[in-house]
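Enquirer: Quick one: the structure is below, questions incoming.
The values are calculated or read from the model by the stated rules, or taken from the named source; none is laboratory data. This is a predicted model, so every value here is computed, not measured. Note that we place each Cβ from the backbone using ideal geometry, even for glycine, and neighbour counts take in every protein chain shown.
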Amino acid sequence: MHRWLIAVCAVGVAACGQSVDEKATPTDYAYQDTLMAQLIDAQPGDIIEIPEGVHAFNRSLSLNVDGVTIRGRGMDKSVLSFKGQIAGAEGLLVTASDFTIEDLAIEDTKGDGLKISDGENIVIRRVRTEWTGGPKTSNGAYGIYPVQTKNVLMEENVAIAAADAGLYIGQSQNVIVRNNRAEFNVAGIEIENTTGADVYGNVAANNTGGILVFNMPNLKTPGARTRVFANEVYENNTKNFGHEGTPVASIPAGSGVVVNSNDDVEIFDNDIRDNKTANVIVSSIFSADYADAAAQDDFDPYPERIFVYENRFDGGGNNPDGLELQALKLAVAGPLGRLPDILWDGYVNPDGGGDPVICVQNDGVQVLNADGPNGNKNAGIADDGVHDCTLERLPAISLTGALAEQM
């Protein structure tokens, strides 16, 4: 089975200019009771202010009231530290709509840092999630994790050292992810089973995979229509430290932008460089260790209508991760060569009606068809013209209601 897929401060830094060794585990839980009471007693329209300082928590926080804002003094000034957490799965779990959280940090949670479920009109702004000991499999899975949400703005956040995805949007609709920074996570930014997402102005560096656009089986809704543009995606070469058996555990180190079993994806106007496996990977679930899941009747495992254009590529593809990809590089490019900027596993929907898998309008950029269905036997660089096509441009995402005023 093929094993392909599925900051403001550098890793090892708890707060800018302060090393982990210099920062002892906080043990004063006095503020914990205060904040828990504020969350329990919250009413629509309330603004909960987080004071400056490092505040210790040993159990999860939760909020289930609509229309609340949580606001700190800055992502390196108001810090919620869960280093001593003994109870709960998340740092903060929110099940509410019309929710805003901004200007604070959530550190060293046992599980996910910030999870928001089943809400609409969500703003997540200038929030830092971090595991201060650096990349470890024992870290929480997700940094910032909205799931089953609608009308979401994530901007100017920082996510460091999540064991799955730093910034994750799952099973959601109408999403903007902009001007964030994701470093030293397994997946920097992941859009999964989400319909209508704009991902732009972000920096994804030093992750295992930079920006992922995935569709997974066994979820309620499929995703489509994602635009990935004007991002910096570079040096995502961190060794994969994801939990074995999870989709991200199959991402090869050195993956820039990865599209897996998703349709109608645009990748344009990005700076993508020095990702050692490939700058762009387009694949089906058949190239993953959990490919048996693709047998689900209502799941489409094939990527289609992927449009790559007007990006700036440099380097990468020189040292792919894993023996299979190393052998592929040797066969296609020789010992001193590199894989092309776009690596495609070669799976085509037999019932696709003739829709192209990949269209490329990017001067000098080649596509390697790895011929996954035949065990890479006929792998090779696609002939000129095979991917020389265009697709209708996707519309920009427009947030609705009060969030429209923040655009």
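Enquirer: Look at segment 173-214 and say how many of its residues are over 23 Å from Ser138 (Cβ atoms) and of a type in the set (S, T, N, Q).
Expert: 8
Enquirer: Restricting attention to segment 39-85, which residues are under 20 Å from Arg126 (Cα atoms), in a loop (DSSP other than H, G, I, E, B) and more than 28 Å from the chain's Cα centre (by Cα)?
Expert: Matches in segment 39-85: Asp46, Pro51, Glu52.
Enquirer: Give segment 152-176 a look and list any residue that's crowded, with 24+ Cβ neighbours inside 10 Å, small (Gly, Ala, Ser) and closer than 17 Å to Arg225 by Cα, or say none.
Expert: Matches in segment 152-176: Ser172 only.
Enquirer: Given the residues Leu212, Leu153, Leu219, which is the only one that is of a type in the set (A, V, I, L, M) and under 17 Å from Val123 (Cα atoms)? Let's see the steps before the verdict.
Expert: Values: Leu212 fails: under 17 Å from Val123 (Cα atoms); Leu219 fails: under 17 Å from Val123 (Cα atoms).
From the options Leu212, Leu153, Leu219, the qualifying one is Leu153.
Enquirer: Just one of Thr149, Thr100 is closer than 23 Å to Gly45 by Cβ, in contact with a Ser or Thr (Cβ under 6 Å, 6 or more places away or on another chain) and surrounded by fewer than 21 Cβ atoms within 10 Å (Cβ to Cβ); which is it?
Expert: Numbers: Thr149 fails: surrounded by fewer than 21 Cβ atoms within 10 Å (Cβ to Cβ).
From the options Thr149, Thr100, the qualifying one is Thr100.
Enquirer: Going through segment 103-113 one residue at a time, which ones are surrounded by fewer than 24 Cβ atoms within 10 Å (Cβ to Cβ), outside any strand (DSSP E or B) and charged (D, E, K, R)?
Expert: Lys110
Enquirer: Then there is this: I'd like to check something: does segment 154-166 contain any residue that is more than 28 Å from Gly72 (Cα to Cα) and among the polar types (S, T, N, Q)? Don't jump to the end; show me each part of the working.
Expert: Going through segment 154-166, the residues more than 28 Å from Gly72 (Cα to Cα) turn out to be none.
Scanning segment 154-166 turns up no residue that is more than 28 Å from Gly72 (Cα to Cα) and among the polar types (S, T, N, Q).
Enquirer: Now for a different question. For residues that are surrounded by 17 or more Cβ atoms within 10 Å (Cβ to Cβ) and in contact with a Leu (Cβ under 9 Å, 6 or more places away or on another chain), tally how many sit in segment 370-407.
Expert: Number of matching residues: 6.
Enquirer: Under the condition of being touching a strand residue (DSSP E or B) at 6+ places or on another chain (Cβ under 8 Å) and hydroxyl-bearing (Ser, Thr, Tyr), which residue from segment 21-40 is modelled with the lowest pLDDT?
Expert: Thr25
Enquirer: Any chance you could count how many residues in segment 175-219 are in a loop (DSSP other than H, G, I, E, B) and not aromatic (Phe, Trp, Tyr)?
Expert: Of all residues in segment 175-219, those in a loop (DSSP other than H, G, I, E, B) come to 179-180, 184-186, 193-194, 201-202, 206-208, 215-219.
Applying the additional criterion that residues be not aromatic (Phe, Trp, Tyr) yields 179-180, 185-186, 193-194, 201-202, 206-208, 215-219.
Within segment 175-219, residues that are in a loop (DSSP other than H, G, I, E, B) and not aromatic (Phe, Trp, Tyr) number 16.
Enquirer: Residues that are surrounded by 18 or more Cβ atoms within 10 Å (Cβ to Cβ) and over 22 Å from Val203 (Cα atoms): does segment 265-282 have at least one?
Expert: no
Enquirer: Examine segment 238-258 for a residue that is of a type in the set (Val, Ile, Thr), more than 19 Å from Ala396 (Cα to Cα), crowded, with 21+ Cβ neighbours inside 10 Å and out of contact with any Ser or Thr (no Cβ under 8 Å at 6 or more places or on another chain), and state whether such a residue exists. Let's see the steps before the verdict.
Expert: Of segment 238-258, the ones of a type in the set (Val, Ile, Thr) are 238, 246, 248, 251, 257-258.
Right, trim to more than 19 Å from Ala396 (Cα to Cα) and you get 238, 246, 248, 251, 257-258.
From the residues that got through so far, the ones that are crowded, with 21+ Cβ neighbours inside 10 Å too are 238, 248, 251, 257-258.
Then drop every residue that is not out of contact with any Ser or Thr (no Cβ under 8 Å at 6 or more places or on another chain), which leaves 257.
Looking through segment 238-258, at least one residue is of a type in the set (Val, Ile, Thr), more than 19 Å from Ala396 (Cα to Cα), crowded, with 21+ Cβ neighbours inside 10 Å and out of contact with any Ser or Thr (no Cβ under 8 Å at 6 or more places or on another chain).
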